[in-house]
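A quick write-up on the structure given underneath.
The values are calculated or read from the model by the stated rules, or taken from the named source; none is laboratory data. Note that the structure is predicted; figures quoted are calculated from it, not measured. Cβ: placed from backbone, ideal geometry, glycine included. Neighbour counts: every protein chain shown. Heads up: the accessible areas ignore ligands, DNA and RNA and are worked out on the full protein's heavy atoms, side chains in. Shrake-Rupley method; radii C 1.70, N 1.55, O 1.52, S 1.80 Å.
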Amino acid sequence: MKQSENIVNDFNIEQFQHDLITWFEREQRILPWRQDQDPYKVWVSEIMLQQTRVDTVIPYFNRFVEHFPTVESLAHAEEDKVLKAWEGLGYYSRARNLQAAVKEVHEQYGGKVPNTPEEISKLKGVGPYTTGAILSIAYGVPEPAVDGNVMRVMSRILSIWDDIAKPKTRKLFEEIIRLIISKDNPSYFNQGLMELGATVCTPTSPSCLLCPVREHCRAFEQGVQAELPIKSKKKPPKPKQMAAVVLTNEKGEVLIHKRPNKGLLANLWEFPNVEVDLSIGSDKDQLKAFLWTDYRTNATLHQQFATIQHVFSHLVWNIAVYEGSIADDISESDTRKLVSIDELENYAFPVSHQNILKEYRLR
DNA sequence: TATTCGTGGGA
DNA sequence: TTCCCAAGAAT
């Protein structure tokens, strides 16, 4: 017998489905993406919600669907506009992958979001979770949508002690959900599990006394709900020393640079900056050398006016920020522009460089 | 499989 | 303050 079948053996599936779904019908939060089942809007919401809290997503979602209400409108939008709408939300590849996938849907599927696992999961940025979420919520197809909530909730309910940080564990939960998902209402079943994880079966101090499926919960029965799920820790981010400059010409325009189209903060704009090694020399000298090699400009660097720390998931930037001026001309290009201070708001910056601009205005 | 991809909020 | 995280996917 498979592990998943063994785990679900003796579990009252039908009663659990009923208790979960009726609770969700009764208690679900009113959220912008729950106003209808438009597959495009379900899709957008699911991409935004990846690794991101509901309260953070709400204003972004509302603005995004206002700017880009349909598959066609997003397919035809300029990427810079899409990134600007995503500015501050993080994981910016989500935005570019979403637009690439929407173009695919526009061109290959006549603008209609496909409704099979095979077709949906081929779209850029759409993995196993999002495939199941779109299929179940928008089309009522009984596919598992296993996210962090589902793994936490089900590890408690079924007393599963596998490490949910391991990729293999997600597959176990997918097998389990396939065995217990409601065929009548897969949308509310999947959403109910996630809603339960977000509002009741929380990571710390779950509200078991308010739980609609408490009588199904093996962890509660054994009093071990606080010990589940098992989740191994991630390694701490590594620090990087950076130097950046707000560089102005005689007209008061500021030099900005577009990041490469791959990797960290891809295709976002930034102030000229470079990683420095303080054991070699001063950050100011290394910044000046960088401006010469990369921009062929002989800049004059003035005083450092800020130090900015920015924490990512896997690294920490410590940025020394200088004020500078250029006397000679710099040729502009697609990735290099001289912009007046007021025009900067039209470009998408990572939060770290938004903070550089804030400090510059306050200096 | 483990690492790379952001950000802001909460314990 | 420090840590962990929150509706994951790509590589």
What fraction of the DSSP beta bridges in chain A is antiparallel, stated in percent and rounded to the nearest 5? 60 percent
Taking amide H positions as placed in the peptide plane 1.01 Å from N, state which residues far from A:V245 in sequence (5 or more) or on other chains have amide H under 5 Å from it. A:Y322
Can you list the residues, at least 5 places off or on another chain, whose amide H is less than 5 Å from the amide H of A:T297, using H built in the peptide plane? A:W292
Search the structure for amide H atoms under 5 Å from the amide H of A:I230, placed 1.01 Å from N in the peptide plane, and list their residues when 5 or more places away or on another chain. A:I164
What lysines does A:K112 reach when the alpha-carbon gap must be under 22 Å and sequence neighbours fewer than 8 apart in one chain are set aside? A:K41, A:K103, A:K122, A:K124
At 1.4 Å probe size, with the rest of the protein present, what percent of the exposed accessible area of segment A:60-113 is carbon and sulfur atoms? 44 percent
Residue of A:L228, A:L31, A:L265 that the Gaussian network model of chain A assigns the largest fluctuation, springs spanning Cα pairs under 10 Å: A:L31
Close lysine pairs (segment A:238-362; alpha-carbon distance under 30 Å; 8 or more apart or on separate chains) counted at 28
Quick one: putting +1 on the C-beta of Lys and Arg, -1 on the C-beta of Asp and Glu, what dipole do you get for chain A around its Cα centre, in Debye to the nearest 20? 820 debye
Å² of accessible area per residue within chain A, as computed with a 1.4 Å probe and no ligands counted: 51 Å²
Take the Cα atoms of chain A, build their convex hull, and give its volume per residue in Å³. 166 Å³
Over segment A:131-223 - Rg/Rh using Cα atoms and the Kirkwood inverse-distance radius: 0.95
Per residue of segment A:233-249, in order, report the coupling 6.51 cos²θ - 1.76 cosθ + 1.60 (Karplus, θ = phi - 60°) as ³J(HN,Hα) in whole Hz, putting x for Gly and Pro. 7, 8, 6, x, x, 9, x, 10, 8, 10, 10, 10, 9, 8, 10, 10, 9
Add -39500 (n - 2.57) for each DSSP H run of 4 or more in chain A, then divide by its residues: what number comes out at 222 nm, to the nearest 500 deg cm²/dmol? -13000 deg cm²/dmol
Per residue of segment A:256-263, in order, report the coupling 6.51 cos²θ - 1.76 cosθ + 1.60 (Karplus, θ = phi - 60°) as ³J(HN,Hα) in whole Hz, putting x for Gly and Pro. 10, 9, 9, 5, x, 7, 9, x
Between the modelled labels at A:N9 and A:D277 (7 Å from Cα along Cα→Cβ) the distance in nm is 6.0 nm
Between A:T56 and A:S333, how many nm apart are label points set 7 Å from Cα along the C-beta direction? 3.4 nm
With θ set to phi - 60° and the Karplus curve 6.51 cos²θ - 1.76 cosθ + 1.60, what are the ³J(HN,Hα) couplings of segment A:68-79 in order, to the nearest whole Hz, using x for Gly and Pro? 10, x, 9, 3, 5, 5, 6, 4, 9, 6, 6, 4
Pull out the extension gain between A:C208 and A:K251, defined as 0.36 nm times the separation in residues minus the alpha carbon to alpha carbon distance; nm, one decimal. 9.1 nm
Of A:V321, A:V71, A:V224, which has the largest mean-square fluctuation in a 10 Å C-alpha GNM of chain A? A:V224
Environment charge at A:V42 (Cβ cut-off 14 Å; Lys +1, Arg +1, Asp -1, Glu -1): -1
